[in-house]
Structure formats: structure tokens, C-alpha cells
Amino acid sequence: MNTASSETILAITDLSKSFGPIRALRNVSFELRRGEIHALAGENGAGKSTLMNIIDGILQADSGQMFLDGKEVRITSPAMAQSLGIGFVHQEIALCPDVTVAENIFMGVTSTSRAALMDYRGIERRAAEILRRLGDINPSALVRSLSISQQQLVEIAKALTLDCRVLILDEPTAALTEREAKVLFDIVRALAKQGISIIYISHRMVEIFENCDRVTVLRDGRYIKTMNVADTTPRDVVSAMVGRVIDSLYPEKQSDSERSEEIILEVRNLSEKTRFHDVSFQLRKGEILGLAGLIGAGRSEIARGICRLEGEVTGEVQLHGKPLRLANYGESIDSGVVYLSEDRKGDGLFLEMSIAANVSALRVEQVASRGIIIDEHREAALGERLGASLNLKYGHIGQPVSALSGGNQQKVAIAKMLSVNPRVIFLDEPTRGVDVGAKAEIHRILRDLARSGVGIVVISSELPELIGVCDRVLVVREGRITGEVSGADMTEDRIMYLASIGEEQRLAS
Amino acid sequence: MTTATPENDEGTRGTATGLRRLLRMRETGLVFIILALFIAMSFASEYFLTWANMRAMAMAFAVEGIVVVGMTILLISGGIDLSVGSVTALAMVIAGLLFLNGVDPWSASILAIAACTAIGAGMGFFVTRVGLHHFIVSLAVMVIARGLCLLGTGGRPLGLFTLPPEFKFIGQGSIGMIPVVIVIFVVVVVAFDFMLRRTTMFRKVFYTGSNEKAAAYSGIRTKKVVFLTTTLCSALCGVAGVIYMARFGSAQPTFGIGMELNVIAAAVIGGASLSGGTGTILGAILGTILLSVVSSSLALLDVSVYWQDIIRGSILLSAVTIDHYLNKRRG
Amino acid sequence: MTTATPENDEGTRGTATGLRRLLRMRETGLVFIILALFIAMSFASEYFLTWANMRAMAMAFAVEGIVVVGMTILLISGGIDLSVGSVTALAMVIAGLLFLNGVDPWSASILAIAACTAIGAGMGFFVTRVGLHHFIVSLAVMVIARGLCLLGTGGRPLGLFTLPPEFKFIGQGSIGMIPVVIVIFVVVVVAFDFMLRRTTMFRKVFYTGSNEKAAAYSGIRTKKVVFLTTTLCSALCGVAGVIYMARFGSAQPTFGIGMELNVIAAAVIGGASLSGGTGTILGAILGTILLSVVSSSLALLDVSVYWQDIIRGSILLSAVTIDHYLNKRRG
Amino acid sequence: ESKFQCEPGETFVMNVMVSAHPYWVPVYQGFKQAAAAMGCETAFSGTPDYDITKQIASFEQDLIKKPSGILLHPMQSDPFIEPIDRAIADGVQVVTFAADSPNSKRTAYITSDNLAEAKFAAEEIVKQVGDSAEYAVLENPGQSNHDLRVTALIDYFEQNYPNMKLVGRQATNQDSNAAYRATASILQANPNLKAMWIPEAGSAEGAVAAVLEADADVLIMHADVTPTTLEHIKAGNIHMSLNPNQGVQGFMGFIATFLATRPEMFDPFNDYKVSGYNPMQIPFIDNGFAVITKENADSFDLNTYMEGRDPS
Ligand SMILES: Nc1ncnc2c1ncn2[C@@H]1O[C@H](COP(=O)(O)OP(=O)(O)OP(=O)(O)O)[C@@H](O)[C@H]1O
Ligand SMILES: Nc1ncnc2c1ncn2[C@@H]1O[C@H](COP(=O)(O)OP(=O)(O)OP(=O)(O)O)[C@@H](O)[C@H]1O
Ligand SMILES: [Mg+2]
Ligand SMILES: [Mg+2]
């Protein structure tokens, strides 16, 4: 793994950056060597993305210096960063929806190209080549038509086209399953071998420890320390990040004594024209049910179908033994069945509106007197209460959500779901981009909710999370449930096996 | 990085009341700009700060202000309406024709407002059910409604001299010193400003305009919301048309040509975004006042007509620039 | 889920050439609608399908078509321009005044186009540097440019009867059977359509309009792109103004009032989105043709003026509705 | 001291809509010249917009300055009833010109006789193309004087020359491009078109371009004049134009307004002293119109006329 030389390619000293009263970075120093994979770790809002945005010229530092190859540089725009050989995969997906996958992938190349005419055939061919390694995506499709995880792959493909010396990956795997993540790491390691330096941001300790050479930890905008991965443990990194020791990452599972036969939600023979077929399962009181599968397996679609968010579904759903007939998602919320979207930016949050308004959005009537006149104090109190329970970091509750770090935005999205005291929650990638500490916190909350009788269904691409949190996991492949695992049976290998082989296993079980 | 604990946030909220909170509002910049204009004008013309001039200026924007309210709400929901001028004219024409055919003016007015509401519902249908863009639908309706005005009147204004005085009172009367038109305007503005800020119903308009998909994912019937804001805007045009009729004692088929740009500009100056999700009634009305006071002032100062447009455009551009920087400064 | 492997994708691309590919294009629906209109009209009037009528109809939209090109590109980049009508008039006025003051008409035209370009650059500055919205900036410029027209002419049209015939040739002459105006129009349309589809420079316009942030992250200088599209649109207004001057042999300070809505409507009918990122020149020109042919046809059929607006608006609404469904059917 | 004299500082205002329109310039010149002869001050006001609300606001702002009288071109008649009556009640006399507000208490109305213009145009067309020919009109629905010019001509033909056939009637709203388009289509549909009557000059500019392009032999007549149509008249592309006598309109407008402020100069044979109304009532003054042809066109150059005169 250690192919890195000791030659420093990028050095940052004493960098500071404030957003109004919020000090996102304080005197941060950082050093990147040639050919190394350097992990950057820190809680949500620690300043990781801000630091990367400064390196890429999207933001300007208030003070501090940046050296590239020993020469001081002031990067003023992404265009300049690109010309200096810095490539960046952003935490938030930023693609052009009206443009084809191939053009999106080659946008950076096009922007600096000297050629006057577009070579559509050429870029489609080369895009297809790159995509073949990453996953199944049609290069001539419009990005608008892709699912969020496919878009993430396009983002990654985009970075691979750049002729860069420094490649920044800001949580590229947040919505990817391990299989895609593995492909990505194969590529990243090959790049490092060629002498390209990689900054890798992730909240998944496993990835850091399997793939990176060194790790730098930020906390509250401050530089804490840099360690060789080989000389440290995940526990140390986490405690450096959080400033305290986190004992167990996952809460305790349902004990045998807690097991109940009471069924909260029952789904029978649910089908949708193209997306999924013949889905049946039961959600029992007190348990956390997981849905596993590869990208595009249709997990999100099943959840959205049940909640009447999209698609024309047939089949039967029962809530607490009573048939659930919903005309739209509004009725679903009213009957206590809610869905946390996997795409917080696209359809989860109102970015320009306040935190408080976001949290109350699912049912504004709850903070209104007689359901009509909104009581700002009650609305603020609701946001503050749920924010505190999720350890949300923010300036004031009237701040727009766009000013929060990615992980904190995710917490707002979760708070929004919790605001209506739901009876069943479908959580699609609930901890996407959330730091270890907060993740543990969210898991604990989910467990508490389950204990108190709320039905919890978790969709996640992160197998350790599913295994760590869920009592039972259903595996989905091409729109069908292909297996169920629980207890000792619940291993990564078993789930992956079911997710990729499927059909005959279903018949057997 | 500051992590606000509930307590210290409570603290800021405490001190932020009153003046501080006022200063933080988006509209404050506009208020200052308008104040500056008033001060400059009262030095420039002794007639400016007279009751009669204030009354004349207010009368010039009061009825249009009702349309601005509708447009602002529609813009917040993510729509736009180019047909406001012709629909307002159509309300005058319908009410006028009915009255001339023996219907009492009150019923005629209600029928005219109902007709405009139906037109708005029609636009809402094309936008939400068919899936066309507000711009193109309302452009077509702008042309059609104007055509209906011409057809109904043969292109000639309807003389409604015989409207009963109690009806004309709406448009021409005064309660004490205050013209009824201005009373209606203030009531409409205050009512909608309150509702938009405080009611759950109108909060959904903001959600829808801010991110339609996220709103749908919050269980909001976004199509219904857009349908209703589209309908409301046309209904308020109907109300404005009826008041204009009472005020002018006539119905003009060519009334309100070009009104749409003025109305949209007022809302945008007041902070509404053309991509939806933001805007306030108060801001939009300040925008209306700004535009109207500039026009009235140029007339009062006897500025050469060949210079008026140049000055008007430049003041508009400067005002939005200053407002932009003031807002930026305040964060 | 269909996963297109490169091979089968190559396959579809192969068969998609020719007719199939044509049928898949966004513009096909509009072409059919226009064809239907042509067929209907040639039954309704024996004079419709004559060379002279085609020529007259084409002359009616050719110059405005140049402005439509500029507007479409601006819309794709995410902007909008309300000042096109007054800037076009200003080009006429500037070129006319210079000519009347002894400058030769060619230099006068170039200076006028340069002035319009400068106005566009000014708008670009306010949009990209100051950070104001296109709508409000171009509205202010619309008013200012109109004021400059009035100031320059005292409100009176300039008679430019003495323009030399070789200059008038641009606007009034023919090359063989084809009027020069139409030749210029076709050249501009074909050139920009090609550039917009095929050049890397103009692809950046699409990227910027589709998602400005994504484009900026990819190293595209989005502000520069928006600045340039804003400037280009005004420059093309300048070109159109000069051609109008050659054509009418006069410069009217009130020319082009209301042109902006027509031009934007044409682009939108042709598939441009007001939120940027989509649109084609071909589509926008088809939109222009549709609007213009409807107007010309109503005049040819001598439809009563009181009905014309109603019919025109209804055809517009039906056309976009049909086009919408045709596009939806094709996916 | 003559009674035909103003008090020092006494001001008269001329208020119009679309105030940058060149039509007002010679009118205001006449107004000023009459005022100067009587030692009065003048002011020009109104709104640059085609917007009734703004014109009423400007009229009310005029009132604040307490002028002696206002010569008003009301954009529409009825909306001005209340403001005019209020002005007169407050002691500001009002006279209308070019458009009227007949139900108000204004004392006089000066205008060109649009009916006479239409009749003259009709007779001239018959003289040139015979009494059984096809003709077309362009119009501007909603603008009263233009409407009158058009409808009066059509009526006149119907009553007096029933063989004159109206084959085209299009709205162009003073937009030369729209006029171009409409005329081009009318010409296509009616190869036998012999004459066109256009109620204003802006549309005439577009119409003449279309006629020239189609190489058609159509007699064009229009009302008002612009430098371009003047050149076309000189070149024979436009047959003639009927131009209201703007100077007389302004001059007589001032006189009528001035008189309205001095009712005591006059002891008429009526009951005004008992009834209390203003005796200086003149229901209608015709300011007449000029016929501009190739021969006299040189006298109608507005730029020449404006030299040495203050435009407002
Ligand atoms: N545009 C902005 N305006 C105001 N504050 C901001 C803005 N962008 C970031 N911040 C603040 O700066 C701090 C650092 O944010 P940053 O996005 O760098 O965190 P991060 O380490 O990337 O977190 P995450 O793991 O959640 O992505 C946060 O407190 C955030 O709220
Ligand atoms: N709006 C859409 N239009 C067309 N196809 C869609 C749309 N959204 C999703 N799909 C397709 O539906 C299939 C399943 O969607 P999706 O990828 O969300 O499933 P999933 O099992 O939730 O996987 P993941 O969320 O990990 O990607 C995919 O093939 C995806 O491309
Ligand atoms: Mg981040
Ligand atoms: Mg999913």
C-alpha cells in the first residue's frame, strides 16, 4: 500500500476561514505527499469540505498560505485549480441535469479543450470505457434520468477524466454499496501508484483503514493531528475526531425477551409496472428491518411505492392489521407512514429556507395554533428540540439549511421525519454523510423508537450499518425480494451473495 | 464554529426583537431607499410633502397594489402571470357590460370576479394538469383576454356614468380624509401579508416554490398549491378591475397594457425571486411604492419627457443595486 | 432496468440516423404543427401557397428572427432580456442620427451595433459582477434605452430617405428571387444553430444554464459565459436594428415595443426553458414561424380584428399543448 | 390694461398622455405662443406612459400647483369626469383637446373634425380610383380618434358609394412591423386592392414598405405625418396625408382655457348668473386640417419647423 514518496506536493499552513460569526477553519495546516492516499476525518461540520473548497478555489481563505510544489499559490477559481492539476469530486452532487452522462463526464475536459468542435462520438466512446469499470450507466442518457447513486458514479467518472496530480474525493462512497466502492478503490490505488496524490474524505473507518496511507483529523475547524494509518486504530481516530472515546458504534439489538409477534406493517404482493414485483414482508413491533441490495435494485422504489410517493402500485398494505389505502403521500403522513429520501438536496430539504421551517415541513399544522396560525416560537422550539436530540450543529434556528455542513443537513432531514411522531419510518440511506458519533446517535434513536413501538425500515448501501443496526435484513434484487437474513446468518458475504445471485436462492429458502 | 445551545440562541432571539430584528429584515433596505427619495423630493419640490400629493401618489398605485399581492404569491409558488393586465381589463368589461344590460353593479362585480377566477383556474389547469409553463399559458391568456375585451366592447370604452353613487363610492369615495380605495388596498395588503407570513396554508406556498419535489416529499399537494395561487392571482385581478371600474366610471378594453412588467418588477424589487420560494407582500408593496413614487416625482418636477425614461430606468437600476449591497452587508 | 452496453448503444445510434433520428428530435412536433397549419391555410385561401405570400410572410419574421437567436442563447445560459425591443430601436436611432450627421451608413451601422454591444456588456456587468437578476437589469435598460431613443429623436421618427441604395439593398434588395434580409436571416440561423450544437464554446452555454455550480466546478468560467451571452443578445439586437433601418428607410424611437414577449414566447415554444439549460435555435425559429404565420394568416383571411386576438391566443395555447403531448409520447 | 392679460406668474398647463409623442410638440408651440401674447406662463405635463392611472395622478399633481387652467388631452373620457369636476370646483378651469370628456364640466373642446377628415379621405379615394374599387384600412382599436377616422370612412362609403368594397381591416396598433405584416397579407389576398386608409403615420410607414416590396399599385392615404411618410409623399409612394392643424389646436386651446378663467369678461344672453355655471362654454371648436401632398410637402418638415423653438 505504501507507495507514497515523502515528497510534499501540497502544503497548507495556518489557514482560516469564517462564514460571518461561524469560524469554519482556524489555523489549519495540512500536508499532502506525492502518490499517497491521505484520509481526512472529522465530525460533521469540522471543516473538511470547506478546506477542500478552498484548495479548489471555490472559496477563498481569510488568511493562511497554500503551497503547491513548494511554490505559494492563490487559487481563485475551480478553473485555475483545474489548470494546476487539482481534481475534485464534491460531496454534494453537482451535475448538469439536461446534459448527457458522457458530456457531464467530459465537462472539465471540454472546458479547457482547445478543440473548436465537440467530438460527441469520441466522448461517448471514452465515457463508456470509463463507466464500464464503475457500473452500468448509459453514456448517452440524460443525467436527469439517473438515480442518485448512479449520479454519484458519474461524479467519480468525471474526476477520472481529469489530468490531475491531486485528486480530492469528498465522501464519494456515501451512497454507494461496497461493490462499487471496491471498484473505486481499485482505481484510486492505481492512480496513487502513478504518483497522483489523493485526499480522501469519508466517515467510514473501514475504508480509511483498508485503503489510506495517512489520516489527518480535524475537529471544530482545528487541525488535531496526522497519523500513519498503519500506526493507529479506528478507535484512536474516532476519539481524535470526537474528543472523547466512543465505546460501541452500534446500539444493542433487540433482545429475545423483547421479541414480539405483533405486526406493525404487513405488505402483500406489492407490485409496480416496471420497478418491483410481488413484494411481501412483515414488520414486527420492536424490530429494525433492513433492506439490502445493489444500486438500482429497487429498494427505494418499494419504500416510495408503499408511501404513494411514486408509481402505480398494486397489492395490499396493512398497518396495525387495518388495510392502508392511500391516495397520496399526504395521507401516508397522516396515517403515520413516512419516508426519508436518499437525495436530501434534491427532494429532502428546502435549502434556502430556515432550519425551523424545514423541520416542521411535514406537518406545519403541529406548530400552529388551531392548525392555522403558525406560532414561530413553537416552530423554533420544535426545531431546537429535535436538533438537540440529533446533536445538530448550527448558528441559529432561523439560518438557511444551505449554510449547514452536509452531515448536519442530513440531520435536519431526519429531524423533519421525527417531527410528526410517525408510526412507521422508511429511512433511505439515513446516515449518508453523517459522522461516526452522530451516526451512533442516530442508530441509538432508531433503536429507542423501535422499542417504543415505531416501525423502522432502514435502506442502506453500507452493509456494516445494516448488519450493525438491523434485527432482520431483506435482500432485494431487480425489484424482487430474494432472501431474508437474521441473527447469525446476517453476514456481509451472505447478503452480497443474495443480492447478486438471487433467484434460485429465493426458491430454495 | 459556534454550536448554538438552545440557551444562547434564546438569548439572541431576545435581543433581536424590536429595532435589531427590524434592521435584519429584507425590506429594510428598500424602506431606506424610499425614505431617501422622499427626503430628496421634499427638498426638490415644495408640493411633494403635501397631503394632496401623497393622496395622488397613493391613488396611482393602490389598485395595482392588489394585483401585486396576487403576483407576489404566485411568484413565491414558482409561477408567473403575464395576463394580469388583460384580465384586469376583462373584469372591467364584463362587469360593465352586465351593468349596462341591467344587472345591478354589485352582482355584476361578483360575476366579473368569478369569471376572472375561472380564467385563473383555467390557467392553473393548463399548468398543473397539462404540464405547460406558466409563461406561455399566461401569454396566451393575455392575448385571449384582450381579444375578449375588444370583442365585448367593439374596441370602445364603455361609459358607465350611470353607476349608482353607492357603488362609485368604492372607487371615488373617502372615509374621513382617506380614500376608500386606499382603505381597501391597506386591508388587502395587511391581510395577505399576515397570512403569507403566519398561516400554514400559505407556508405551503413557500415550500412548493422553494423546492417542489421536496414539498411533494413532505406530503404537500404541490399541484393544488400552484393551481390555487394561479387562480388567486387572477381573482385579485378581478377585484382590481372592479375597483378600477368604480373609480373611473368606465370600462376600457385597452386598460392595463404592459401592467405585467410593472407588477412583476415591483415584486422582484421587493425580494421575490423568479425561481420561486422567496418574497414578501411588504417588500413587493415597497417595490410598487418605489416605482410609483419615482414616476410621480418626475411628473411633479416637470422633468423633460425626453429625460424621464432615462432617469426612471437609472433610479430603478441604482435602487436595486443599493438594495442588493445593503442586503449583502447584513448577510 | 435496461442497461445499454456500448455495443447495443452503438446499434441504436446506427439505426437512429435518418428518419428515425429526425422523428426523435424535439422540433419534430412543431414542424408537424406548422405543416398542419400550412395545409389548413392552403385550403382556406388560394393565395396562401404562393411564392409572393411565402416571401411576404418570411419577410415579416426574418429580422425579428435574428433577435430570437440571441434571446434563445441567452435563455439557454439561464438569462433573459426584456430590453430587446428598445435596444433594437436604439440601434436604428443611433445609426440614423449618425447618418444624418454625415457619417457613412456602413460606419454608422457598425457604431450602432458596437453601442448595443456595449449596452449588453453593461447588463452583463450588472448581472455577473453586481449580482442582480437579468430580469430587473434588462427591465431598467429597456426603460433607459427607450429614453435614449426619445432623447435622440425628440420622439420623432427619423426620415432616412437619403440612405444610399447600396445600403438600402440590405433591407430591400433581392439576390435572384430571394430577398437579402432572408439570406442574412438564414445565414445567422444556420451559423448559430451549428455553433450551438457543435462547438465547445457554445456547449459551455448549455452547461452553465443547466447547473451553474456544476459548470463552475468543472472549470467553466460561468460568469464569463453569462456575460458573453448577455452581450451577444444585445449585439444581435443591434444587427437587427440596422437591418430594420435599411428596410424601412427610417428610424422610429417607438419601434419594437412589446417585442420582448414575442421573442421570448418564440424561444419557449421552440423548447427553450426559462430556467436555462435547454433550447435550440431551430426550435426557436420554428416558434417564430408559428407565431408569425398565424398572424399573417389571420390577416390574409381578413378575420375581424375583434376575433383575431382570441383566435391567435387559442392557437398558441393549442399548439403548445399538442407539442407537449407529442413530445411526451415520444418520451 | 387689457383684460386679455395674465396676472404676474399666472400659469396655464397642458397635460397629455404618452407625452414624448411628437404630435404634442406643435400643439404646445401654439399654446405657448398664445400664452406669450397674453403674458402668461405655461407648463407641459402628463405621463410618458399609455396609462390612465398615471395620467390622472399627473393631472392631480398639476392641481396641487394651483394653475389657472389646464388644457387637457384625456386618455379616456369617463375616468376624467371626477378629476375635472373636482378641479373646476377648486377653481382650476379645464378645457379638453383632441379627445374629450363630454360628461364632465369642462368648458370647451378643441379638435380636428375626424368625421370631416374621413369624408375628405373618402372623396379623394373615389376621385383617384373610382367609385367601385376594393379598399382596405388599418386601425388601432381602442384609440378613439383613430377609431373615428376609420369607422367614419367605412360608413361614408357604405352610404354614398356602395360599390366601394372593404376587403381588409387589420389592427396594427401604430406598430410599423405589424402594419408591414398585415399589409403584405392583405395585398396577397386581394390582388385588386386599389386604396388604403390608415388613421396614423406609424402604421403607414410599414404599409408603404409592404406595398413597395410587393410592387403593387395601391393608393395610400393616412392621417398625421412623420418625416418618413413625408418623404414617401414627396416620392409619390403615399398619395396624401391629412394632418390636423396642431398649432391652431394649441393656440385656440389656450384661448378657450384663458376665457374659461375670466367669465366676468362676458355678459351672455343666458341664465349663468342665476344657475352659476361658466358662460364660456364652447362645445366644439374645429381646428381644421391640412392636406399634405407632393406639391406642398416641403412646408411640413418638422425639423425645419422646430429649429429655434423650444420643444417643450
Ligand atoms: N456557506 C456557508 N455559510 C455559512 N456557514 C457555512 C457555509 N458553508 C459551511 N458553513 C459552516 O462551516 C462549517 C464547516 O462546514 P463543512 O461543510 O466544511 O463541514 P464538513 O467537515 O465537510 O462536514 P460534513 O462531514 O458534514 O460534510 C459548518 O459549521 C458549516 O455550518
Ligand atoms: N425518475 C426515474 N426515471 C426512470 N428510472 C428511474 C427513476 N428513478 C429511478 N429509476 C430507476 O429505477 C431503478 C431502481 O432505482 P434505485 O436506483 O433508486 O434503486 P435502489 O434499490 O434504491 O438503489 P439505490 O438507491 O442504491 O440506487 C434504477 O434502474 C433506476 O435507474
Ligand atoms: Mg463536507
Ligand atoms: Mg435508493
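Computed from the coordinates by the stated procedures, all read-outs in this text should not be read as laboratory data. The model shown is predicted, which means the values in this text are computed figures rather than measured ones. When we count neighbours, we look across all protein chains shown, and the Cβ atoms used for this are built from the backbone with ideal geometry, even at glycine.
One Cα centroid belongs to region D:138-211, the other to region A:193-223; the line between them spans 79 Å.
Look at the stretch A:37-50: the mean tally of other chain Cβ atoms within 10 Å of its residues' Cβ atoms is 0. Per-residue mean of foreign Cβ neighbours for A:231-243 is 0 (Cβ atoms of other chains, 10 Å radius).
The trypsin sites (Lys or Arg not before Pro) of region D:1-105 that meet both conditions, a loop assignment by DSSP and at most 15 other Cβ atoms within 10 Å of the site Cβ, are D:K3. The modelled label-to-label distance for the pair A:A381/A:R125, using points 7 Å beyond Cα in the direction of Cβ, is 6.8 nm. Here the Gaussian network model covers chain B, with springs between Cα atoms less than 10 Å apart; of B:P253, B:P165, B:P105, B:P165 fluctuates the most. Antiparallel beta bridges, as assigned by DSSP with both residues in region A:8-242, represent about 55 percent of the total such bridges.
The ranking of A:D56, A:D119, D:D267, B:D193 by Cβ neighbour count inside 10 Å, starting from the fewest, reads D:D267, A:D119, B:D193, A:D56. Label-to-label distance, D:N160 versus C:L301, with points set 7 angstrom from Cα along the beta-carbon direction: 3.5 nm.
Note on the protein assembly as shown: Cα convex hull, mean projected area over all directions, 59.1 nm².
Cα-based values for chain D, radius of gyration first and Dmax second, are 21.0, 67 Å. Note on C:L317, A:L349, C:L100: ascending count of other Cβ atoms within 10 Å places them as C:L100, C:L317, A:L349, the fewest first.
For the pair D:Q128 and C:L35, label points projected 7 Å from Cα toward Cβ lie 4.5 nm apart.
For the segment D:172-179, counting C-beta atoms of other chains within 10 Å of every residue's C-beta and taking the mean gives 5.
Using Cα springs under 10 Å in a Gaussian network model of chain C, which residue among C:A240, C:A140, C:A266 shows the largest mean-square fluctuation? Ranking C:A240, C:A140, C:A266 by mean-square fluctuation puts C:A140 first.
Largest GNM mean-square fluctuation among C:Y244, C:Y207, C:Y306, using chain C with Cα springs under 10 Å: C:Y306. Normalised by 2.2 N^0.38 Å, where N is the number of residues, the C-alpha radius of gyration of region D:1-110 stands at 1.01. Note on region A:349-472: semi-axes of the ellipsoid equivalent to its C-alpha gyration tensor, largest first and rounded to whole Å, are 25, 17, 11. For the pair region B:271-295 / region B:146-191, the C-alpha centres are spaced 24 Å from each other.
Computed over the Cα atoms of region B:70-329, pair by distinct pair, the Kirkwood hydrodynamic radius stands at 19.3 angstrom.
Counted over all Cα-Cα pairs of chain A, pairs farther apart than 33 Å make up 41 percent. Its Kirkwood hydrodynamic radius, worked out from the mean inverse distance over all distinct Cα pairs, puts region C:181-242 at 12.7 Å. Rg/Rh for region B:72-178: what does it come to with C-alpha atoms and Rh from Kirkwood? Computed over Cα atoms, the ratio is 1.05.
Scaled against 2.2 N^0.38 Å for its residue count N, the alpha carbon radius of gyration of region A:8-242 is 1.00.
Among beta bridges identified by DSSP and lying wholly in the protein assembly as shown, the antiparallel ones come to about 45 percent.
Among beta bridges identified by DSSP and lying wholly in chain D, the antiparallel ones come to about 10 percent.
Normalised by 2.2 N^0.38 Å, with N the number of residues, the alpha-carbon radius of gyration of region B:138-251 equals 1.40. Helix D:246-261 and the long axis of chain D differ in direction by around 20°, with both axes built from C-alpha atoms.
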